[in-house]
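Novice: Right, I'll just put the structure down here and ask away after.
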Amino acid sequence: MLDFQKPKLLAAWEKLAAVYSPDRVAHYCTDVRNPEQVTSAIAQFGEWAGCLNLVVNCAGILLDGAIASVSFRGVKQYPLDNWEATLDTNLKGAFLVAREAIAPMLRCKVPNASADDSSRGLIVTISSISRLGRAGQAAYSASKGALVSLALTLAQELASYRIRSVAIAPGLVDTPMAAQIPGPHRKDMLQRVAIQRMGRPDEIAHAVRFCIENEFFNGRVLELDGGAY
């Protein structure tokens with residue numbers, strides 16, 4: 001189930017281990033669509049770390065395509081397999097991870113038990129400005145919109161347990177996923193960004209850090225899109 005030879009995972013682990021030392025960084029290769037794998041990975045992490053106080057749901061795929069496109073050959077429909085794959089990865093995956101993370105978060109000790117606002121845990125869900133709808137991205141937009149609803153619902157349900165839940169909605173960010181977007185479409189999207197450039201992954205990471213450090217931020221969406229319109 002756990003394949004530690006996955007190149008991207010191993011590369012990320014090596015970078016973190018170089019900064020924090022190997023005994024402080026663990027890695028688990030998990031299919032977030034698979035309930036058994038998610039349960040197993042989080043249980044193993046809990047045993048290794050003792051408790052869990054932060055989850056960042058950022059697994060996602062992008063399978064663009066119009067719901068229906070018309071040509072002289074007739075009407076071409078968006079494949080149901082692509083719809084299901086997108087919702088399974090982007091939405092079901094986040095639900096499964098969040099659901100399994102709650103129990104180990106509850107086992108974490110509150111840093112300052114006398115402070116009413118001390119957070120026991122935080123679930124950060126990466127949505128997108130596409131959650132508002134974007135032509136050619138029906139499945140992706142639907143999944144990202146649903147992620148916001150999930151994050152805000154978790155915030156309401158878990159607040160009494162001192163577990164926060166927030167969402168971050170990035171715009172166009174310079175990642176391999178953005179590189180999948182056809183050039184003309186990506187250029188059109190970039191022209192709609194006020195600062196006329198794509199975001200950087202480290203800028204999204206800084207947003208996650210803000211969410212961690214500001215315990216008054218809860219049940220809300222942080223938009224990070226360079227002023228897209």
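Novice: Can you confirm whether segment 90-107 contains a residue that is surrounded by 20 or more Cβ atoms within 10 Å (Cβ to Cβ), without any contact (Cβ under 8 Å) to a residue 40 or more places away in the chain and touching a Ser or Thr at 6+ places or on another chain (Cβ under 6 Å)?
Specialist: Within segment 90-107 (the criterion being surrounded by 20 or more Cβ atoms within 10 Å (Cβ to Cβ), without any contact (Cβ under 8 Å) to a residue 40 or more places away in the chain and touching a Ser or Thr at 6+ places or on another chain (Cβ under 6 Å)), the answer is no, since none of the residues qualifies.
Novice: Of (1) of a type outside the set (Asp, Glu); (2) part of a strand (DSSP E or B); (3) closer than 20 Å to Val124 by Cβ, Val38 satisfies all except one. Which?
Specialist: Here Val38 clears every test but (2).
Novice: Would you check if Tyr78 is touching a helix residue (DSSP H, G or I) at 6+ places or on another chain (Cβ under 7 Å), touching a residue at least 60 places away in the same chain (Cβ under 8 Å) and of a type in the set (Ser, Thr, Tyr)? Spell out how you get there, then give the answer.
Specialist: Values: touching a helix residue (DSSP H, G or I) at 6+ places or on another chain (Cβ under 7 Å): yes; touching a residue at least 60 places away in the same chain (Cβ under 8 Å): yes; of a type in the set (Ser, Thr, Tyr): yes.
Yes, satisfied.
Novice: May I ask you to verify whether Glu47 is charged (D, E, K, R), loosely packed, with under 15 Cβ neighbours inside 10 Å and within 27 Å of Ser119 (Cβ to Cβ)? Steps first, please.
Specialist: Values: charged (D, E, K, R): yes; loosely packed, with under 15 Cβ neighbours inside 10 Å: yes; within 27 Å of Ser119 (Cβ to Cβ): yes.
For Glu47, the condition - charged (D, E, K, R), loosely packed, with under 15 Cβ neighbours inside 10 Å and within 27 Å of Ser119 (Cβ to Cβ) - is met.
Novice: Yes or no: Gln196 without any contact (Cβ under 8 Å) to a residue 40 or more places away in the chain and at positive phi? Outline the logic, then answer.
Specialist: Numbers: without any contact (Cβ under 8 Å) to a residue 40 or more places away in the chain: yes; at positive phi: yes.
Spelling it out, Gln196 is indeed without any contact (Cβ under 8 Å) to a residue 40 or more places away in the chain and at positive phi.
Novice: Only one of Val75, Val70, Val55 is within 16 Å of the chain's Cα centre (by Cα), closer than 26 Å to Gln137 by Cβ and either outside any helix (DSSP H, G or I) or among the acidic types (Asp, Glu) (or both). Can you tell me which? I'd like the intermediate steps shown before the answer.
Specialist: Working: Val75 fails: within 16 Å of the chain's Cα centre (by Cα); Val70 fails: within 16 Å of the chain's Cα centre (by Cα).
Of the residues listed, the single one that is within 16 Å of the chain's Cα centre (by Cα), closer than 26 Å to Gln137 by Cβ and either outside any helix (DSSP H, G or I) or among the acidic types (Asp, Glu) (or both) is Val55.
Novice: Which of the following residues is β-branched (Val, Ile, Thr) and crowded, with 18+ Cβ neighbours inside 10 Å: Ile212, Ile168, Ile195?
Specialist: Numbers: Ile212 fails: crowded, with 18+ Cβ neighbours inside 10 Å; Ile195 fails: crowded, with 18+ Cβ neighbours inside 10 Å.
None of the other options fit; the residue is Ile168.
Each reported figure results from applying straightforward, stated rules to the coordinates on display, with no laboratory input. Bear in mind that the values here come from a model prediction, so they are computed numbers and not experimental data. We place every Cβ from the backbone using ideal geometry, glycine too, and count neighbours over all the protein chains shown.
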